[in-house]
Amino acid sequence: MTDTAEIIQFPDRRDDGQSPGPERTGRSIQVEDGYTRTANALVEAFARSPLTSREARVIRVIERMTYGWNKSEDWIAASVFSEMTGLSEGKCSETLNGLLRKRVLIRSGGGQSPVRINKAIEEWDFSAQKARVTPKRKATPTWGKIPQNGVTKSPQNGETPKDSKDIPPLPSVEGEGVSAETNLNSDPVGSKPETAPQKPKTQPNRLDLSNLPAEVSAEAVQGFIEHRKALKKPLTQRALNLNVNEALRAAKSIPGLTPDQALDEAVLAGWQGVKADWLARRLGSQQQRPGSGMNQAERLHAANQQAIREAVARRQNRPDDVGDLLDAEGGHW
């Protein structure tokens, strides 16, 4: 009887653990395809540490490129970090520097020196890291929404907001409210109250100046009309006729006064209308007090002018007497 030997085929394996085995379709990931040896205490320390998502991805790259190749440290290019993490090179460099400040990673020299994971876990320092606060979400009501199973959840009263739109409001004790027929025939949402149509603005009637009395000029009447417009009291045709008649009456009762002067005097006085009695008192007071309505300088000037007029009148009556106009030296007074 001859001896036979059974040959057992083992999968290929290298000491660095990086050589993948033969490709087999439909086969899940296996250790034989390559693995990284990391101490359990280090893995558990990473699990307990408040690492951000970027920091965890950068650490996994360093773990893969060092322990995966049976090395304690290695120089890793920024492009490798970016390719393996999916982050930009700037974000990878920023995250790497943050881990160096927290003493999770160690680099002996400058930026071109190799980097390694600090196995002295007690030296890791996360005190400067700000605590992340998750914002609270407001609870959204589930009633009135239709889930995928087609069942509608209703509030306690058994009605959804959509159904409550079709229900008319109940009348109050005094009988107020809208009836069901009125509510069903009207638009419950967005209805606007009806507004009364605006009346067109009436244009002011033009005043007729064709029938003015012969004693009254159109210029004087037009000046009085503009005066009333400036006072925001426009005249009607009847009011114009009344003021013109009052100006005629004032001209008859006050000697030396014309109707045009009566209208002009009312404008100067700032009156809204012409009154014969007002004009008589106004003109009479001005004749009695020539200096009324003047300041001190104007009253002095008016008094001087009156004295000169009286002296001239006396000289005309007595040509030989010049004492009122000439002083002792022959100068003008």
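The values are calculated or read from the model by the stated rules, or taken from the named source; none is laboratory data. Just so it is clear, the structure is predicted and the values come from calculations on it, not from any experiment. Positions of Cβ are generated from backbone atoms using ideal geometry, with glycine treated the same way; all protein chains shown enter the neighbour counts. These area figures cover heavy atoms from the full protein model, side chains too; ligands, DNA and RNA do not enter into them. Shrake-Rupley method; radii C 1.70, N 1.55, O 1.52, S 1.80 Å.
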Completion exercise
If we keep only residues of segment 195-231 that are at pLDDT 70 or above and either charged (D, E, K, R) or touching a Gly at 6+ places or on another chain (Cβ under 6 Å) (or both), then the residue least open to solvent (accessible area, probe 1.4 Å) is 228
Fill in the blank from the handout: Residues in segment 220-248 that are within 54 Å of the chain's Cα centre (by Cα) and either without any contact (Cβ under 8 Å) to a residue 40 or more places away in the chain or farther than 15 Å from residue 268 by Cα (or both) total 14
Handout entry: Of residues in segment 232-247 being among the aliphatic types (A, V, I, L, M) and assigned to a helix (DSSP H, G or I), the one surrounded by the most Cβ atoms within 10 Å (Cβ to Cβ)
Key = 247
Exercise for the section: Filter segment 86-105 down to residues that are more than 50 Å from the chain's Cα centre (by Cα) and loosely packed, with under 13 Cβ neighbours inside 10 Å, then give me how many there are. Expected result: 0
Completion exercise
If you go through 108, 113, the only one that is modelled with pLDDT under 90, open to solvent by 70 Å² or more (accessible area, probe 1.4 Å) and over 48 Å from the mean Cα position of the chain (by Cα) is 108
Exercise for the section: Quick one: count up the residues across segment 249-264 that are free of Cβ contacts under 8 Å to residues at least 24 places away in the same chain, surrounded by 15 or more Cβ atoms within 10 Å (Cβ to Cβ) and over 21 Å from residue 302 (Cβ atoms). Expected result: 1
Practice task
Could you list, in sequence order, all residues of segment 265-276 that are over 18 Å from residue 239 (Cβ atoms) and either at pLDDT 90 or above or open to solvent by less than 20 Å² (accessible area, probe 1.4 Å) (or both)?
Solution key: none
Practice task
Please work out if residue 49 is among the polar types (S, T, N, Q) and open to solvent by 50 Å² or more (accessible area, probe 1.4 Å).
Solution key: no
Exercise for the section: Identify all residues within segment 68-85 that are modelled with pLDDT of 90 or more and open to solvent by less than 40 Å² (accessible area, probe 1.4 Å); write none if there are none. Expected result: 82, 85
